[in-house]
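Right, one structure below, let's go through it.
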Amino acid sequence: IDPSGIIVTNNHVVGRADRITVSLADGTEMPARLIGSDELTDIAVIRVNPTQPLPSVGWGDSRTVEVGEWILAAGNPFGLGSSVTAGIVSARGREIGAGPFDDFIQTDAAINRGNSGGPLFNMAGEVVGINTAIFSPTGGSIGIGFAVPSSLARPVLEQIRDHGKPRRGWLGVQIQAVTPEIAESLQLREPKGALVTTVTPEGPAQQAGIRQGDVILRFNGQDVDAMRQLPRLVADTPIGQKAEVVIQRGGETRTLSVSVGDMEQAQQAAGGMTESPTPSVEPQPATTETLGMTLAPLDATTRETFSIPETVEGVVVTEAAGDSPAAGQGIAPGDVIVEVGQEPVDSPDDVTSRIDQARQAGRKNVLMLLSRQGELRFVPLPLEG
């Protein structure tokens, strides 16, 4: 990408290499060194030191690429040598479970093992993607290949080139998707946005006034139609920059201002946290049943039985009947009900009372906030009868 010898490839190609060699089309070989890499986007930047300027390619804007547009994929499939394949853009914005910033271009141009790190060209000869992955039961191309779009790759590689590593914005929340059932429970008109399940203490979100149970609808001027859009929007925002966040809380829309934090610093701080001590055992508590769940208060016995830390408060599920609405929503023994209808619960009676209130209000679902091994998520539980 630069005549001076800067090359972009995939992290999975060079990230664990002891020695890197670059072979040019004319047979010339040069040693290369790793400038830096990023596992989350599978991008790596390496450098060679040529005796004269090298041919280089220019970037295109992947945001302008349309489904059905012709593209070319270049690479070195199966070690046979440099080759080019043609195809079209099959889809944009594909999520394949590779990482939190998935936003792949899908193409039917033949991409095989050895194509990783190669460029995906538009018809103007501009690089609009970096070939990265395939879906295949055989290991060979079946017409489903994926490339990291240039709009995602360029900021990462520029940061690696300048700083040796990517620098990403951080909001300090954990989120989940807004399903139609959750939207109905929260009285949202559409199942859009990102539902906040956890707010990091003293993080940017908490300091801005964002709370657990808020639905983030816009960030820094861009709509959050799907939950997975928010991590990319935040990560791309410069550290320290003020960003407007539009949320919905209690049926009302609010606009908050957040100062974006540093993801790396937050991860380092989280790594220093320690676990809570294990409590002593006490007699078995009384239980209550509702919607196929058997509930018990959180005490030393239930905390010990289900390994629930002292920092978690609520009501523990000790059993979930296999044919119940609870089991159908994935609720299992050991889950802790933290909130029902966005109200904290401290006892099984609190849970049943909130469920009765939801029924009386004519709701089809009641929204529960569950803690499982310290991870929080909202679950819309269908109401019976």
Would you mind listing the helices (runs of 4 or more DSSP H) fully within region 189-272 where at least 1 residues are touching a strand residue (DSSP E or B) at 6+ places or on another chain (Cβ under 9 Å) and closer than 23 Å to Arg154 by Cβ?
229-235, 263-270
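Residues in region 295-307 that are on the phi < 0 side of the Ramachandran plot and outside any helix (DSSP H, G or I): how many? Break it down into steps so the answer makes sense when it comes.
Of the residues in region 295-307, the ones on the phi < 0 side of the Ramachandran plot are 295-306.
If we keep only those that are outside any helix (DSSP H, G or I) as well, we get 295-299.
So the answer is 5.
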Pairing a residue in region 308-332 that is on the phi < 0 side of the Ramachandran plot with any residue that is modelled with pLDDT under 90 and assigned to a helix (DSSP H, G or I), where Cβ atoms lie under 6 Å and the two sit 6 or more apart in sequence or on different chains, gives Val316/Thr302; Ala320/Ala326; Ala320/Ala327
Here the residues within region 123-142 that are touching a residue at least 24 places away in the same chain (Cβ under 8 Å) and open to solvent by 20 Å² or more (accessible area, probe 1.4 Å) are Met123, Ala124, Gly125, Glu126, Ala133, Phe135, Ser141
Taking region 105-115 on its own, how many of its residues are buried (at least 22 other Cβ atoms within 10 Å of the Cβ) and either of a type in the set (A, V, I, L, M, F, W, C) or at pLDDT below 95 (or both)?
4
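Based on this model, can you work out whether Ser371 counts as assigned to a helix (DSSP H, G or I) and of a type in the set (S, T, N, Q)? Let's see the steps before the verdict.
Values: assigned to a helix (DSSP H, G or I): no; of a type in the set (S, T, N, Q): yes.
Taking the combined requirement at face value, the residue does not satisfy it.
Taking only region 304-353 into account, find how many residues are farther than 17 Å from Gln373 by Cβ, of a type in the set (A, V, I, L, M) and surrounded by fewer than 18 Cβ atoms within 10 Å (Cβ to Cβ).
As a first pass, look at region 304-353 and keep what is farther than 17 Å from Gln373 by Cβ: 319, 321-329, 339-353.
Keeping just the survivors that are of a type in the set (A, V, I, L, M) gives 321, 326-327, 340, 345, 351.
Right, trim to surrounded by fewer than 18 Cβ atoms within 10 Å (Cβ to Cβ) and you get 321, 327.
Qualifying residue count, region 304-353: 2.
Given the criteria in a loop (DSSP other than H, G, I, E, B) and either modelled with pLDDT of 95 or more or aliphatic (A, V, I, L, M) (or both), does Ala86 qualify? Quick ask: steps written out before the conclusion?
Working: in a loop (DSSP other than H, G, I, E, B): no; either modelled with pLDDT of 95 or more or aliphatic (A, V, I, L, M) (or both): yes.
For Ala86, the condition - in a loop (DSSP other than H, G, I, E, B) and either modelled with pLDDT of 95 or more or aliphatic (A, V, I, L, M) (or both) - is not met.
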Under 8 Å between Cβ atoms, which residue pairs at least 6 apart in sequence (or on different chains) link something in region 361-385 that is among the small types (Gly, Ala, Ser) with a partner that is open to solvent by less than 10 Å² (accessible area, probe 1.4 Å)?
Ser371/Gly314; Ser371/Asp335; Ser371/Val336
Of all residues in region 145-179, which are open to solvent by 50 Å² or more (accessible area, probe 1.4 Å) and among the charged types (D, E, K, R)?
Arg154, Glu158, Arg161, Asp162, Lys165, Arg167
Within region 272-294, is even one residue at pLDDT 90 or above and either of a type outside the set (Lys, Arg) or touching a helix residue (DSSP H, G or I) at 6+ places or on another chain (Cβ under 7 Å) (or both)?
yes
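The values are calculated or read from the model by the stated rules, or taken from the named source; none is laboratory data. Note that this is a predicted model, so its numbers are computed, not measured. Counting neighbours? That spans all protein chains shown, and the Cβs are built from the backbone with ideal geometry, glycine included. Accessible surface areas use protein heavy atoms only, side chains included; no ligands, DNA or RNA. Shrake-Rupley method; radii C 1.70, N 1.55, O 1.52, S 1.80 Å.
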